[in-house]
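The values are calculated or read from the model by the stated rules, or taken from the named source; none is laboratory data. All values reported here derive from a predicted model rather than from experimental measurement. Methodologically, a virtual Cβ is constructed for each residue, glycine included, from the backbone with ideal geometry; neighbour enumeration extends over all protein chains shown. Ligands, DNA and RNA are excluded from the accessible area calculation, which covers all protein heavy atoms including side chains. Shrake-Rupley method; radii C 1.70, N 1.55, O 1.52, S 1.80 Å.
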Amino acid sequence: MTDSAPDPLVPYEPAAPDGDGGALGDGDPDGHRGEAAAPERRSAQRLALPRSPVRDEEIAATETPFMVFTRLAARCTGSRLAVLVIEEASGLQVHAVSGPAQGMTQGQMLPVSILRAQMSRRRRMTTEIPDLASDPTFARAPAYERNTGFCAYAGATIRNQANDAVGVLFLLDREPRRYGRDVLVTLSDLARAAGALLAMQREALPSEPAGIDALTALPGRQGLERYLEQATMDATAPAGATVGATSGAALFRIDFGRLATLNEMYGREIADRFLKQAADRLRTLAPIPGFLAHLGGSGFALVAPGRIGASDAEAMALRMMERLREPIQLETLELPLRPSLGMALCPADAQDVPGLLLASEAALAQGKLHGDGRHTRASAALIDAYTLSTGLEQDLQAAVAQGAFHLNWMPAIDTATERVVSFEALVRWNRPGRGEVMPDLFIPVAEAGGLIEQIDAWVLEAACREAQSWEQALGVSVNVSPVWLSHGRLARLLRRVLDETGLDPNRLQIELSERKSLGEDGNLRRELSQVRAMGVRLALDDFGTGYSCLGTLGTYPFDQVKLDRQFVAALGHDRRAEAITRSVLQMVQSLGMTSCAEGVETEEQLAFLDAHGCEEIQGYLIGRPIPNLPEKT
């Protein structure tokens, strides 16, 4: 008989209250027949079969330690289904499922009312119900438990050292069946062994109360680091174990993207319950030996020690993500977990604890960057990029305070005369100890950290001051963040800088990217009108990439539209792109504005743009950004 194709690792889904517990069928090899049932409160839990099957060839890399008990139970008893559930902080969790796949339905409900009634009997070890339809407890169960097609039940309670019920190992069949004493003895023995294994698992956790998170009952970062110290020593112990070795300990970092939103939308209580269930779901995935820690917020870490190969780690990650994509249900709320996962292997990716933590953090950051539901393996390139970004905001704050930026200049030429008509000021930053950091990396950090206005002000002042020193009265373009418009401070900033530098306002062009919203109509119209009244030109940059709207061009006083390089790159080999570009250029001309094409790299692109009325171009065809302009500019 083969093991079941339902997945052993997906937990229950809580939902509407279950039925009251009551009298159960008899059958106890320890002699406790006929014991009266304790009063049973209504349970607010649904418990379902896992939703995705485990194929036999996947079991070695992905099974939970408790699956050995369900596999033995199914094989030794010939039962249709063997399930092992354990009580966690948020309720019963399915830790293992085994049995033939035929006739099983993914997500099928399990009899929580029976399980709760069995666990409430302190003296009884096992329960047998040959025909569920005749059992009074099952008769009072909710319809979603009764209408699953299961007809017979036998279970053994899993107890801890204090003799408290902590779970159940049970069988279900689709035909009425009297299991008999031998089956119940087998379940009893397996349940005792499962209880011993569970005790070993829980004793492995740090014993210091200060090291355990009160909400999730999991150790924190200190406990994780202590465990990793031993795990990395074991992984690197064999002679010649070095970075790049094929197997070792695996560290998985998991983060759930819903916690902050839940806190804002539903309050602290719902967010805490969500986190509890997320922690309990991760418990069902933790190997033994193994380690699970809560690192604060929605961050967790799971360690699989021993000799884990890259393919095994990948298989474990895939199975984890598959299970973690199942939503959590709290009363009427169905809440997706939105997991992201990063993994690193020791010694393949790092040989010590700090290195392994850094590698897993880098992988997790990359996974989160691409959106919820991604998993990523650490690599040298990812670690380097993450190291570069770590502490970026703090270094950027120091750079703002010190004015530690410099400008590069990108020329723009008139397509008719092929003469330079202006230069665009591009901000650059050399990060101490790191070298030059590109704007597409530090500008988003500056925006998120509230530093972008200070950087914009520095760039504007430096660009206007340098332009005032040029021999030729060429134009100068400066990009500013739309946040200036929403705060209503752009016109005031321009007046101050122009007064201080003495630059003719007619030489200055302010560029606003349409990659971000320009703000509310009232503030936007007022600010742009004030800027335009000063004689400063306005350009809509990156046109065609974000918040494109004909109303924007027709309503607000822009002087120029700058076509994004995606239009230009397709010229010469994409007829539809050429048609769109022609239409945009004609529209801009009809509105009385000029156009400038960015990213021009070939003569063919220049010829097309010139032929269709594009007045200015920028791009590597005419020159790259340079830090110093010729003296006679």
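If you go through region 286-301 and keep only what is over 11 Å from Leu215 (Cβ atoms) and crowded, with 24+ Cβ neighbours inside 10 Å, you end up with Phe291, Leu292, Ala293, Phe300, Ala301. Of all residues in region 164-183, count the ones that are of a type in the set (Gly, Ala, Ser) and buried (at least 23 other Cβ atoms within 10 Å of the Cβ). Counting residues in region 164-183 that are of a type in the set (Gly, Ala, Ser) and buried (at least 23 other Cβ atoms within 10 Å of the Cβ) gives 1. Counting only residues that are open to solvent by 10 Å² or more (accessible area, probe 1.4 Å) and within 15 Å of the chain's Cα centre (by Cα), region 329-351 holds 2 of them. For region 434-454, state whether one or more residues are in contact with a helix residue (DSSP H, G or I) (Cβ under 7 Å, 6 or more places away or on another chain), among the charged types (D, E, K, R) and either in a loop (DSSP other than H, G, I, E, B) or surrounded by 14 or more Cβ atoms within 10 Å (Cβ to Cβ) (or both). Checked region 434-454: at least one residue is in contact with a helix residue (DSSP H, G or I) (Cβ under 7 Å, 6 or more places away or on another chain), among the charged types (D, E, K, R) and either in a loop (DSSP other than H, G, I, E, B) or surrounded by 14 or more Cβ atoms within 10 Å (Cβ to Cβ) (or both). Glu418 passes every criterion in (1) within 18 Å of Gln402 (Cβ to Cβ); (2) among the acidic types (Asp, Glu); (3) at pLDDT below 95; (4) open to solvent by 40 Å² or more (accessible area, probe 1.4 Å) apart from (1).
When region 352-391 is examined, which residues are found to be of a type in the set (Val, Ile, Thr), surrounded by fewer than 16 Cβ atoms within 10 Å (Cβ to Cβ) and modelled with pLDDT of 90 or more?
none
Total residues in region 563-612 satisfying the condition of being out of contact with any strand residue (DSSP E or B) (no Cβ under 9 Å at 6 or more places or on another chain), over 22 Å from Arg537 (Cβ atoms) and among the hydroxyl-bearing types (Ser, Thr, Tyr): the figure is 2. Kindly establish whether Ile626 is surrounded by fewer than 21 Cβ atoms within 10 Å (Cβ to Cβ), touching a strand residue (DSSP E or B) at 6+ places or on another chain (Cβ under 8 Å) and of a type outside the set (D, E, K, R). For Ile626, the condition - surrounded by fewer than 21 Cβ atoms within 10 Å (Cβ to Cβ), touching a strand residue (DSSP E or B) at 6+ places or on another chain (Cβ under 8 Å) and of a type outside the set (D, E, K, R) - is met.
Scanning region 198-224 for residues that are buried (at least 16 other Cβ atoms within 10 Å of the Cβ) and at pLDDT 60 or above yields Leu198, Gln201, Gly211, Ile212, Asp213, Thr216, Ala217, Leu218, Pro219, Gly220, Gly223, Leu224. Here region 478-496 is the region considered, the condition is being touching a residue at least 40 places away in the same chain (Cβ under 8 Å) and either open to solvent by less than 10 Å² (accessible area, probe 1.4 Å) or in contact with a Leu (Cβ under 7 Å, 6 or more places away or on another chain) (or both), and the residue that is nearest to Ala463 (Cα to Cα) is Val478. Only one entry in Ala315, Ala304 is over 22 Å from Leu218 (Cα atoms) and either touching an Asp or Glu at 6+ places or on another chain (Cβ under 9 Å) or surrounded by 18 or more Cβ atoms within 10 Å (Cβ to Cβ) (or both), namely Ala315.
Counting only helices (runs of 4 or more DSSP H) wholly contained in region 258-369, the ones carrying 2 or more residues that are under 30 Å from Leu197 (Cβ atoms) and either β-branched (Val, Ile, Thr) or in contact with a Phe, Trp or Tyr (Cβ under 9 Å, 6 or more places away or on another chain) (or both) occupy 268-283, 310-324, 353-369. When region 106-123 is filtered for residues that are open to solvent by less than 10 Å² (accessible area, probe 1.4 Å), of a type outside the set (A, V, I, L, M) and not in a helix (DSSP H, G or I), the ones remaining, listed by number, are Pro111, Arg121.
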